[in-house]
Structure formats: C-alpha cells, structure tokens
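A.B. asks: Below is one structure. I have some questions about it.
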Amino acid sequence: MKNYALIIGIVIIIMLSCIAIFAPLLSPYDPAAINQDSLLLSPSSQHPLGTDSLGRDLLSRIIYGARISLSVGLVAVGIATLIGLLVGSLSGFYVGLLDLILMRLVDVMLCFPTFYLILAVTAIAGPSVFNIMLIIGLTSWMGVARLVRAEILSLKEREFIQAAQAIGATHSRIILRHHIPNALTPVLVNATLGVSAAILIESGLSFLGLGVQPPTASWGNILIESKSTLGVAWWITVFPGLSILITILGFNMLAEGLKKEIG
Amino acid sequence: MITYLAKRLIAIIPLLLGITLISFFVIRLAPGKPVMLQQSLNPKISLEEIKRLEKLEGLDKPLFTQYKNWLWNMLRFNFGRSIGDGRLVIDKIMERLPVTLTINILSLFFLFLFAIPIGVKAAVKANTAFDHITTLVTFLFFAAPTFWLALLGMQLFCIQLKWLPISGITSLDFEYLSWWGKLVDLSRHLILPVIVSSIGGIAGLSRYMRSSMLEALSQPYIYTARSKGLSEKQVVYKHALRNALLPLVTIVGLSIPGLLGGSIIFESIFSIPGIGRLFYEAAMMRDINLIMAEVVLVALLTMMGNLIADISYAYVDPRIRYKK
Amino acid sequence: MDSLLSIKNLKVGFSQEEKTVEVVRGVNLDIGHNESLVLAGESGSGKSIMSLAITKILPANARIIAGEVYFGGKDLLKLDEEALVDIRGSSIAYIFQEPSSFLNPVYTIGSQISEAIMLHQHKSREGAGFAALELLQQVRIDDSERIFRSYPHQLSGGMNQRAFIAMSLACKPKLLIADEPTTSLDVTIEVEILQLLMQLKMELGFSLLFITHNLSIAKRIADRVSIMHQGKIVEEGSCAEIFSSPKHFHTKELIQAYEKIGRL
C-alpha cells in the first residue's frame, strides 16, 4: 500500500518551499504596490487572483505570504522543539526534584489556552514577525517535552543504554548519543504538526491585526479585508484561505505519512 | 478512587499558583511598560500624567510586591479597573462570560453528537469507501482555519442566501418577541458560530474515536463476546463502544483550551458579546488589567475543565474506580 | 462412528499484502460425544486459528479457504451469521488463555455471565442473575455474591478463569473448546482448573477440545490426542498410544520437552 499521505505531504511542502524561496521571481507584481486604477478587480488574465481594495495584486501578495507562513512556522517550531528537547531531556534523565518542577511547569503552561497568552504578549510587546515566532515557540514546547521525557524514561530501561553505561560513557554522552536519537521519531511527527499549528496561529493573529502588519503580506492579514468585502469580492476571502488550507493539509499529511512509515 | 480524587485536588494548589505567577510575570516582563502603551495610544500625555498613572496603578513598586498585591486583590475578585472605560474589570467579564460559556458548551455538545457516530462507523467500516471518504473530509475540515470557515459561512448563509443574521446574538427587536420568538431568534444567531467553532473539533474527535474504536475492536474480549453468540451489532455497541468511549472523556478536557482560544476570533467575526471579543478589544486597547484578568480566568476554566474530565474518567473506568 | 464434531480438510489463511498465507493446511479432526480430545502442538502451528474457524469467529484479516465442519448434521462453515449466532455460546462454547484479557474490563463478572444466559435462554435479568450465582457455585466459587459484583481486574487469574468457565457452560454446550486455558496460570491453580474441567465434564456431559502446547496435560485429561504441526495433523491416537509409541518426530519432541521439565 503506497503511503499517499506522505507523498501528498511532501509534494505540497516542496511546492510551498519553492514558492516561498523564489517569490521575487514568481510574483508578477510588487506585493505592496498600490494602484488606484485597479481596485477590487475580480480574477482576470492580468490579475489571476484579483486585486484587493488598495489595488494590490492578490497573487503576488499570496506568493509573498507563503514566505511569512513558512518562516514563522519553521522558526517557531524550531524554538519550541529546542526548548522541549532541553526540558524533556533534563527531566527524563535527571528525574528527582528537577523533573518534578519541570513537569509542574508543563502542567501549568498547558492550562493556558495558548492563543490568549500569545495575544496578550503580542499586544504588549508589539506585533512583529520575530516576536510572533518567539512567542509561539515559547508556548508550544510542552508536547515535545513530555514526549522526549517519556521516550527517555522508557529507553532507560533498555539494554543498550545499560551497555553504554557499562563501558563507562559519561552522562551527557549517553544523552546525546543514545537517548535523543531514539526519542526523535515521535518528536519529528510532533514538529511537523507543530508547523501547521504555528501557521494557523500566525494567520489568526494577523487576521486580528496583532500579527504581521501590512504592507507585509500574510495570508492572515489579507483576510482582514474579507470582512468588509464579503458580498463584493469573493476572491479576497477564498484564495488566502485556500492557501492556508492547502499548506496545513500538506504538513498534516506529512505527519500522517511519517507516522505510517516510522511509528 | 477517593485517594485518586484527593491527590488530584491537592495538585490544584501548585497549579493555581503557577497560573497566577506566569500570567503576571509573562505579561509584566514583556518589553514595554504598560503605561507607555497608553502613551502610544495617546501621545499628548505628559510625563507627570504618566508618573501619576504609574503611582495609581502601583506600577512604581518592585515587581514582586506588585505580584503580591495583585494576587491578594485577585483572591478577593478585585481585578482593578479597565483602562478603557474605567469600569470594574470583573463586571465587564461577568456580563460576557455566560455567552461564551453557552456557545462553547453547545459546541461541545455538537462535538459529541457528530464525532462519535462518525468515528464509530468509520472504524466498523474501516478501509471501505465510507472510511476513505470520511477520512478525506475530516482532513480537509481539520486543515481549514476556523475563522476562514466562519467568513465563508457568513458569505454563503448570511449574504447570498440570506437565511441567517450576520452578527450579534439577538436581533434589534429582541425585547419585543415572545418567549418562543426569543428562542428562535437566539438560535438563528447562534447556529453558524456554534457549527463553525465545532467543525474542526468534530473532525479531530471523530479521528480519535475511530482509532479508539479500532483499538477496542482488536481486544481479546471481542472474541469472547462473539463466541457467546452476540450479534455483530451487540459486539460493537455493547462491548467495544463502552471501552472506546473511555479515553474520550479526557479528550474533552483537552479540547477546552482550543475552544476558548477559538472564541476570540470568531466572536470578533460574528460580533458576539463574549469574553473572547472582550479580550480582543482589551488587547487592542492595551488594557492591561483586563488582559491579565482574562488570561487568569481562561486558565482557571481550562484547569477546572481538566479536573472535571479527570474525575469523570475515574468514575467511568471501573479499573480506576474500584482499585484492588 | 458417530462424531459430535467432524472437521474435514479445513484450510485457513491470513491475507498479507496481496497474498494469502495458509496457516491451517488441510486439517482433519473428529471429536466424539462426551470425549476429551487434546490438540497439542508448538506455538504457531495454527491450533488457535483452527479452533476459532470452527464457529467462524476469525480475525478480520483471516479467511477460510476450504473445508467443512460438521456439527449436528450441518456444515457450520456454510451457515449464515444468523444461524451461527444461535449455535455460538449455546451448543459450542469457548474458554481462552488469559481470562483477564478475554473478559470485558468495564462490566462485572455477574453481568457478563448473565448476558450469556439471557442470550440463549428466556430469562429476565433477575432470573439470569440468580442462575449466574448458581453457576459460580458450580465452579466451586464459594463467595459467589462478591465475585458476581466484581470486575475482572479485581480478581486473580485463577478466579477469573473459573468465572469464565461458568460463563461458557451457562447454556450447557455440547462442545467446549478450551484454547490454552491454563497456560498463564500458576501450576497449582492449573491443576485445580484441570480437575474442575474434568468434574464438570462428568456432571454436565460435554465434549472437550483442549488446545495446548504442553503435551503432558493430556496425561491428566485426554481420551485421545491429536498432534498439530505447521498447519496439519501429523499424528493422532488414544492417549495411551501416543505416549507409549509416538510415531511422528514432532510428537516425540513435545513429549521430550516436558519430560525434561517434569511437569505435571
């Protein structure tokens, strides 16, 4: 049975990455170029996805939006995974009081609906792409931490760790060489899903006006206009949303596919 | 089970402490002094005004003292005044809380109503056309951003078809309607928000139900049930389902933060006067007292939700309820 | 010879990817009335699958490729589900290896036994409950009321197995198929359960198909023995014959395996 999920996921992500990397080459217009003559045009050969209320070409904005989404997703998840790996490893390996405190911290963090916390901090610290990446990362590490800790605790029982200790390997070596690589598999799946979650959060934030600020294009902030142009310009609603949908679908399928292959 | 309960209840205390600590320090430590934010909204404010405000809000004291004061106040339900309109924060929250709770509870209800049958059927008919189609559809709905679905829904049902009202929870003439009329009016306003907020959850939960059901159907006691002469229906619904439903109780607990967080966006889209929209407005206004109060509140709600879920689980699973 | 159960050329396989792997490769087996037959063989010889195939309660990826199973004058493999549901539990019953796993953890012992009774006999819930209590006493459980209200996880393996036996014998089946029922039990409990089975067999009058990888059990309970190896019956005979003059190499292997440990 072919792993369709994996294939679809990889294809979508490669496409997305190409769009993001080659944005300047692919984008027909400057995404920030305001044009009073082309306000709210429906899709045509000149503007395949239409224009927005400031006359900016939607296709270009969506192409550049891919850059934002992808970078926010990857960096945020990168931060979250690093923190999670650190916390989980320390907890799992050293157990005792450190473990207790760290796991309590995880429990507390999990009590916060992340969007509330993220929104609160972005409102106060100011919305910027970097802030968003950081705060999403700082609120999404808990799942990874628990996973890593569980993996380490179970791996500790297994033979080859005991064997490594028998030949006198030091603590940090054991963690680096043995524990972490084995715990990585579920972490990878988790990270993939984390990217789609991060992208979703970023678009939500941008949609509320507290994320990526215009004129920088983000799929979320393009949708801001959608509220006021609902009956009038369907393309402003449909295309950015569709982009988000396909991207998230891609990462979710990748995660499913990975689970089937490895897990 | 009593020991389990007791342990669980005692564990709440450090959690509460942690919640208040993190709420306070994360928000205070974010770059930018809160009063400076007021300044950014009102550039004409003078230096003396800022100093006066700071003193009023107790912001000139050391951070830890501020925390103690805030905590002490909080325990007496005094969250201070909203910087926006000067009203008591607690009042503003209380008048909006019921709306959000109602919508979220209704969403939970729909969540179970649809996710369970879909998941069970997908498991029983695993690898058939039904299963493949539902898998595809659930993946799609799961990947679609809720606020986008809300916008699409509004476009279709409110603007093009004109079946449903576009915003708020009541019509302008609500006061003059009969009891039944009020109910219908409320329903018409709530139906789209509730469905939109639960769709993602239904997609996710039905996947979970499916795998839980498949797990249950692969257990040894299923052979026993069949060997006794139970019909396939009885095997599935009496023996497998009961076991498959158990973990779902905890899943409900885990969905609560998601539901609450989602409220922010779609309450804003649908102009629903709930705590989500209140929070959004507070965020835009940099209304620090309101922001902090809500963060603590939703964390508390989440924690309570988890507690209820855990207790329910301990009650329904005989292996925990009756220890050896 | 008038057999109770007559299996002819039974072939069962598992579907893997595109192929079907045969695990039961043409089995012929006869069990007479009130007879006790021990089916012995190593793990993986296909014994369990064959026993499940008799009443068609196979796992989803297994299928019956060929053969007939005659019981009460009919070929069970050709009956539809409705007819089979009548036979399962009432004419042919099973007991399995690990009673704690094979009992549903969320229902009490009593309700699971009552369920079996209500399925095939027209009794009310109350009446079934009383009948269940009696059955528990029949399997030599003194504290029947407490066990009735208990959940499987609260009881020991031996106790669960007794309760399971009570449940299986509730409708007085003519054939009891026991798939390694004592393998996961302590040796002392194992002996008790075997004795219990023999006593009940005498009291109620049923045939016993006892599946095991421990051939020495046959000495205690078998009238006849069949040896299964890699999906086929390789030797059969009366208990005495098998032990005094084993012919197939696998039979000899099985005998030697347990003589070394000196079991039972």
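The values are calculated or read from the model by the stated rules, or taken from the named source; none is laboratory data. Here the structure is a predicted model, which means the values were calculated and not measured. Reconstructed Cβ throughout: ideal geometry from the backbone, glycine too, with neighbour counts over all protein chains shown. The protein model used for the area step is the full one, side chains on, heavy atoms only, and it has no ligands, DNA or RNA in it. Shrake-Rupley method; radii C 1.70, N 1.55, O 1.52, S 1.80 Å.
A.B. asks: Give the number of residues within segment B:138-153 that are touching a residue at least 60 places away in the same chain (Cβ under 8 Å), at the interface with chain A (Cβ under 8 Å from one of its Cβ atoms) and buried (at least 21 other Cβ atoms within 10 Å of the Cβ).
C.D. replies: 2
A.B. asks: Of the numbered conditions (1) in contact (Cβ under 8 Å) with a residue 40 or more places away in the chain; (2) more than 14 Å from chain B (Cβ to nearest Cβ); (3) closer than 19 Å to C:LYS56 by Cβ, C:GLY73 fails exactly one; give the number of that condition.
C.D. replies: So C:GLY73 meets the others, but not (1).
A.B. asks: Could you pull out the residue among B:SER231, B:SER187 that is at the interface with chain C (Cβ under 10 Å from one of its Cβ atoms) and surrounded by fewer than 16 Cβ atoms within 10 Å (Cβ to Cβ)?
C.D. replies: Criteria check complete, one pass: B:SER231.
A.B. asks: Further question: Look at segment C:121-151 and say how many of its residues are at negative phi and either within 11 Å of another protein chain (Cβ to nearest Cβ) or part of a loop (DSSP other than H, G, I, E, B) (or both).
C.D. replies: 11
A.B. asks: Search segment A:171-229 for residues being buried (at least 21 other Cβ atoms within 10 Å of the Cβ) and at pLDDT below 85, and hand back the single one that is farthest from A:ALA32 (Cα to Cα).
C.D. replies: The selected residue is A:HIS179.
A.B. asks: Quick one: in segment C:99-108, of everything that is of a type outside the set (S, T, N, Q) and at the interface with chain B (Cβ under 7 Å from one of its Cβ atoms), which residue is nearest to B:TYR315 (Cα to Cα)?
C.D. replies: By that ranking, first place goes to C:VAL106.
For (1) in a helix (DSSP H, G or I); (2) at pLDDT below 85; (3) hydroxyl-bearing (Ser, Thr, Tyr), each residue gets a yes or a no:
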{"residue": "A:PRO43", "(1), (2), (3)": "no, yes, no"}
{"residue": "A:ALA66", "(1), (2), (3)": "yes, no, no"}
{"residue": "A:ILE79", "(1), (2), (3)": "yes, no, no"}
{"residue": "A:GLY84", "(1), (2), (3)": "yes, no, no"}
{"residue": "A:GLY92", "(1), (2), (3)": "yes, yes, no"}
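A.B. asks: Name the residues in segment A:118-133 that are buried (at least 24 other Cβ atoms within 10 Å of the Cβ) and facing chain B (nearest Cβ under 7 Å), would you?
C.D. replies: Matches in segment A:118-133: A:LEU119, A:ALA120, A:VAL121, A:ALA123.
A.B. asks: Okay, next question. What pairs come out if I take residues in segment C:116-144 that are farther than 27 Å from C:GLU82 by Cβ and open to solvent by less than 80 Å² (accessible area, probe 1.4 Å) and pair them with residues that are among the basic types (Lys, Arg) and outside any loop (DSSP other than H, G, I, E, B) whose C-beta lies under 7 Å away, six or more apart or interchain?
C.D. replies: Hits for this filter: C:VAL139/C:ARG162; C:ILE141/C:ARG162.
A.B. asks: Is segment A:26-38 home to any residue that is in contact with an Asp or Glu (Cβ under 7 Å, 6 or more places away or on another chain), under 20 Å from A:THR216 (Cβ atoms) and open to solvent by 60 Å² or more (accessible area, probe 1.4 Å)?
C.D. replies: Yes, segment A:26-38 contains a residue that is in contact with an Asp or Glu (Cβ under 7 Å, 6 or more places away or on another chain), under 20 Å from A:THR216 (Cβ atoms) and open to solvent by 60 Å² or more (accessible area, probe 1.4 Å).
A.B. asks: Just to confirm my filter: which helices (runs of 4 or more DSSP H) fall fully inside segment B:1-94 and include at least 3 residues that are modelled with pLDDT under 70, open to solvent by less than 90 Å² (accessible area, probe 1.4 Å) and away from every other protein chain (no Cβ under 11 Å)?
C.D. replies: Output list reads B:34-41, B:47-56.
A.B. asks: Sticking with this one: Taking only segment C:166-175 into account, find how many residues are under 12 Å from C:GLN138 (Cα atoms) and touching a Leu at 6+ places or on another chain (Cβ under 7 Å).
C.D. replies: Residues in segment C:166-175 being under 12 Å from C:GLN138 (Cα atoms) and touching a Leu at 6+ places or on another chain (Cβ under 7 Å): 3 in total.
A.B. asks: Something else now. Which condition from (1) more than 14 Å from chain C (Cβ to nearest Cβ); (2) out of contact with any Lys or Arg (no Cβ under 8 Å at 6 or more places or on another chain); (3) more than 17 Å from A:THR237 (Cα to Cα) is the one that A:LEU39 breaks?
C.D. replies: With (1) more than 14 Å from chain C (Cβ to nearest Cβ); (2) out of contact with any Lys or Arg (no Cβ under 8 Å at 6 or more places or on another chain); (3) more than 17 Å from A:THR237 (Cα to Cα) applied to A:LEU39, the lone miss is (3).
A.B. asks: Of the conditions (1) closer than 19 Å to C:SER48 by Cα; (2) modelled with pLDDT of 85 or more; (3) of a type in the set (S, T, N, Q), C:GLN199 satisfies every one except a single condition; which number is it?
C.D. replies: (1)
A.B. asks: Additional query: Could you please let me know if C:ILE49 is closer than 30 Å to C:ALA257 by Cβ and modelled with pLDDT of 90 or more?
C.D. replies: yes
A.B. asks: Find the residue count for segment B:273-285, including only residues that are buried (at least 22 other Cβ atoms within 10 Å of the Cβ), touching a residue at least 12 places away in the same chain (Cβ under 8 Å) and either within 24 Å of B:ARG319 (Cα to Cα) or not aromatic (Phe, Trp, Tyr) (or both).
C.D. replies: Total meeting the criteria: 6.
A.B. asks: Moving on to the next point. Please enumerate the residues belonging to segment B:97-134 that are polar (S, T, N, Q), part of a helix (DSSP H, G or I) and open to solvent by 60 Å² or more (accessible area, probe 1.4 Å).
C.D. replies: B:THR102
A.B. asks: Run down B:ASN243, B:ASN306, B:ASN289 and say which single residue is open to solvent by 10 Å² or more (accessible area, probe 1.4 Å), among the polar types (S, T, N, Q) and away from chain A (no Cβ under 14 Å).
C.D. replies: B:ASN243
A.B. asks: One residue is enough: does segment C:183-204 have a residue meeting the conditions assigned to a loop (DSSP other than H, G, I, E, B) and crowded, with 23+ Cβ neighbours inside 10 Å?
C.D. replies: For segment C:183-204, residues assigned to a loop (DSSP other than H, G, I, E, B) and crowded, with 23+ Cβ neighbours inside 10 Å: absent.
A.B. asks: B:GLU215 is checked against (1) farther than 19 Å from B:VAL316 by Cα; (2) open to solvent by 40 Å² or more (accessible area, probe 1.4 Å); (3) of a type in the set (Asp, Glu) and fails just one. What number does that condition carry?
C.D. replies: Checking B:GLU215 against (1) farther than 19 Å from B:VAL316 by Cα; (2) open to solvent by 40 Å² or more (accessible area, probe 1.4 Å); (3) of a type in the set (Asp, Glu), the one that fails is (1).
A.B. asks: For segment B:273-324, name all the residues that are at negative phi and not in a helix (DSSP H, G or I).
C.D. replies: Hits for segment B:273-324 are B:PRO273, B:GLY274, B:ASP287, B:ASP317, B:TYR322, B:LYS323, B:LYS324.
A.B. asks: In segment A:238-257, how many residues are over 17 Å from the mean Cα position of the chain (by Cα) and farther than 26 Å from A:LEU58 by Cα?
C.D. replies: Summing the residues that are over 17 Å from the mean Cα position of the chain (by Cα) and farther than 26 Å from A:LEU58 by Cα in segment A:238-257 gives 1.
A.B. asks: In segment C:25-43, how many residues are open to solvent by 20 Å² or more (accessible area, probe 1.4 Å) and either free of Cβ contacts under 8 Å to residues at least 12 places away in the same chain or in a strand (DSSP E or B) (or both)?
C.D. replies: Here the count works out to 3.
A.B. asks: Scan segment C:1-13 for residues that are open to solvent by 50 Å² or more (accessible area, probe 1.4 Å) and touching a strand residue (DSSP E or B) at 6+ places or on another chain (Cβ under 6 Å) and report the count.
C.D. replies: Result for segment C:1-13: 3.
A.B. asks: Which one of the conditions (1) open to solvent by less than 30 Å² (accessible area, probe 1.4 Å); (2) at the interface with chain B (Cβ under 9 Å from one of its Cβ atoms) does A:ILE136 fail to meet, given that it meets all the rest?
C.D. replies: (2)
A.B. asks: Going by what's in this entry, would B:ILE275 be described as within 9 Å of another protein chain (Cβ to nearest Cβ) and touching a Leu at 6+ places or on another chain (Cβ under 9 Å)?
C.D. replies: It is false that B:ILE275 is within 9 Å of another protein chain (Cβ to nearest Cβ) and touching a Leu at 6+ places or on another chain (Cβ under 9 Å).
A.B. asks: Report yes if C:GLN154 is within 12 Å of chain B (Cβ to nearest Cβ) and exposed (fewer than 15 other Cβ atoms within 10 Å of the Cβ), otherwise no.
C.D. replies: no
A.B. asks: A follow-up question, please. Could you say which residue among A:SER71, A:SER53, A:SER60 is open to solvent by 20 Å² or more (accessible area, probe 1.4 Å), of a type outside the set (Val, Ile, Thr), farther than 14 Å from A:THR139 by Cβ and part of a helix (DSSP H, G or I)?
C.D. replies: So the residue among A:SER71, A:SER53, A:SER60 that is open to solvent by 20 Å² or more (accessible area, probe 1.4 Å), of a type outside the set (Val, Ile, Thr), farther than 14 Å from A:THR139 by Cβ and part of a helix (DSSP H, G or I) is A:SER71.
A.B. asks: Can you pull out every residue in segment A:230-244 that is within 16 Å of B:GLY153 (Cβ to Cβ) and of a type in the set (Ser, Thr, Tyr)?
C.D. replies: Once the filter is applied, which keeps residues that are within 16 Å of B:GLY153 (Cβ to Cβ) and of a type in the set (Ser, Thr, Tyr), segment A:230-244 yields only A:THR237.
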